[in-house]
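The values are calculated or read from the model by the stated rules, or taken from the named source; none is laboratory data. For clarity, every value in this text was computed on a predicted model and none was experimentally measured. With ideal geometry, Cβ positions are generated from the backbone for all residues, glycine too; neighbour counts draw on all protein chains shown. Surface accessibility is based on the protein's heavy atoms, side chains included, excluding ligands, DNA and RNA. Shrake-Rupley method; radii C 1.70, N 1.55, O 1.52, S 1.80 Å.
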Amino acid sequence: MKIVSIVGARPQFIKAWPVSRALRQAGHTEILVHTGQHYDDAMSRVFFEELGLPEPDVNLGIGSGSHGEQTGRMLVALEPVLLQHRPDWVLVYGDTNSTLAGALAAAKLHLPLAHVEAGLRSFNKRMPEEINRVLTDHCSDLLFCPTQTAVENLAREGITRGVHLVGDVMHEALLEARQIAAQRSRILDQLGLEPRSYFLVTVHRAENTDEPTRLAGIWSALTELARERPVLFPVHPRTRKVLTRLGLSEELAHLREPDCADGDLPVVRPVPGADLRLLPPLGYLDMLRLTESARVILTDSGGLQKEAWWLGVPCVTLRDETEWVETLAHGANVLAGTEPTHIERAISRQLARPTRQNPQVPARASGLIATLLGRNHLS
Ligand code: UD1
């Protein structure tokens with residue numbers, strides 16, 4: 001089979017890592033297309049280098065823009081690539097604008113479309129990711145679901161053909177990367193941290209970054225927490241821009257163009273008397289190392305909620321809903337929104353929880369995906 005895989009944003013590079021390898025091992029020909037949605041070295045190149053993901057065959061270099069502009073430019077740029085290669089399958093991942101553009105480009109050219117991480121729903125249509133997921137699923141011929149909940153979500157929307165519960169490629173990536181991180185990552189030493197002594201935070205969802213009250217609520221909770229123990233906050237470019245704009249820190253520019261010796265990490269401490277440390281976006285290996293050793297994770301990321309759950313690290317989600325409802329079972333993950341008092345209450349509850357590994361059967365999602373693509377030739 002000839003398969004065009006479309007990636008563009010940080011989590012997609014991680015998802016494509018096991019799948020790309022499985023496709024090639026199964027004898028398929030893969031053409032890897034990078035839309036260029038994420039383009040900073042720290043958001044893109046580091047993942048290809050660390051994970052040994054094949055260099056993209058095509059980089060569309062789209063970059064940033066409004067949702068319509070970004071998605072539209074991708075659609076225009078993807079069409080000739082798909083026409084040139086005429087693949088047996090177009091493979092898209094997750095829920096980003098790159099996912100939707102890939103899905104629409106394939107559907108309009110009547111090319112068979114497969115979606116990895118199909119069926120997730122937050123039921124919040126104000127999230128751009130929710131629109132991207134729903135539309136992509138409705139265009140797809142093969143839908144690879146990570147969970148039974150995802151299969152049921154699709155069935156409720158009348159999608160039952162081509163649906164396969166394959167497991168989670170992110171879990172597969174985590175199991176393998178964890179071993180590599182244990183050998184290569186020096187991040188805890190670099191930051192002078194003991195395991196379980198710090199909170200780890202990520203915030204990048206538009207619903208939080210683009211809403212000043214929500215961002216201010218999170219910021220206020222973080223500065224309070226950091227008076228008690230270190231709070232590490234690798235800052236996504238979207239978040240860095242809004243923090244700068246809100247005047248929360250003048251030094252944030254330093255995180256963009258780190259001017260430090262090899263191996264050093266730029267760390268910005270914007271609040272006197274609080275151990276709040278802003279870091280640049282981290283590679284997957286360092287991030288995984290920090291995640292598994294954190295006392296509590298605070299995040300609005302989908303991927304990090306799952307990683308915390310798999311690693312048994314208590315999580316507080318800075319959102320009002322989650323697609324990964326399984327993580328809420330037994331309080332391993334708590335939805336706290338962005339009110340400082342709610343966040344503080346959720347953290348107290350999570351601090352009372354022991355960190356405990358969630359036993360998981362080793363995942364085989366990527367191998368199943370490669371096999372199913374080989375068996376279901378539509379064109
Ligand atoms: C995207 C996805 C989101 C995913 C996230 C992971 C959509 C709608 N959202 O959000 O589902 O969880 O990626 O990170 O696709 N920027 C840089 N440098 C970069 C990348 C982005 O400066 O390397 C800037 C862009 O210019 C833009 C902002 O960050 O202003 C946000 O980037 P964007 O591509 O719009 O989406 P994300 O917020 O990263």
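Of the set (1) on the phi < 0 side of the Ramachandran plot; (2) away from the ligand (no atom under 14 Å from the Cβ); (3) open to solvent by less than 30 Å² (accessible area, probe 1.4 Å), all apply to residue 102 but (2). Does residue 45 satisfy being farther than 30 Å from residue 160 by Cβ, surrounded by fewer than 24 Cβ atoms within 10 Å (Cβ to Cβ) and within 11 Å of the ligand (Cβ to nearest atom)? In short, yes. Taking first residues from the range 195-216 that are of a type in the set (Ser, Thr, Tyr) and partners that are within 16 Å of the ligand (Cβ to nearest atom) and part of a strand (DSSP E or B), the Cβ contacts under 7 Å between residues at least 6 apart in sequence or on separate chains come to 202/234; 202/299.
So if I check each of 256, 269, which one is open to solvent by 20 Å² or more (accessible area, probe 1.4 Å) and either at pLDDT 95 or above or out of contact with any Leu (no Cβ under 7 Å at 6 or more places or on another chain) (or both)?
Working: 269 fails: either at pLDDT 95 or above or out of contact with any Leu (no Cβ under 7 Å at 6 or more places or on another chain) (or both).
Unique residue meeting the criteria: 256.
In the range 84-94, the condition of being on the phi > 0 side of the Ramachandran plot, touching a residue at least 60 places away in the same chain (Cβ under 8 Å) and open to solvent by 30 Å² or more (accessible area, probe 1.4 Å) is met by at least one residue. Of the residues 63, 68, the single one that is over 25 Å from residue 173 (Cβ atoms), surrounded by fewer than 18 Cβ atoms within 10 Å (Cβ to Cβ), in contact with a Phe, Trp or Tyr (Cβ under 7 Å, 6 or more places away or on another chain) and not assigned by TED's automatic domain parsing to the domain that holds residue 182 is 63. Return yes when residue 334 is in a loop (DSSP other than H, G, I, E, B) and either in contact (Cβ under 8 Å) with a residue 60 or more places away in the chain or open to solvent by less than 30 Å² (accessible area, probe 1.4 Å) (or both) and no when it is not. So residue 334 does not fit the description; no.
Taken over the range 113-129, the criterion of being outside any loop (DSSP other than H, G, I, E, B) and more than 12 Å from the ligand (Cβ to nearest atom) is satisfied by 113, 114, 115, 116. The set of residues from the range 310-331 being under 23 Å from residue 133 (Cβ atoms) and in a helix (DSSP H, G or I) comprises 310, 325, 326, 327, 328, 329. Looking at the range 147-256, the strands (runs of 3 or more DSSP E) lying wholly inside it that each contain 1 or more residues that are closer than 28 Å to residue 13 by Cβ, in contact with a helix residue (DSSP H, G or I) (Cβ under 9 Å, 6 or more places away or on another chain) and within 16 Å of the ligand (Cβ to nearest atom) sit at 199-202, 231-234.
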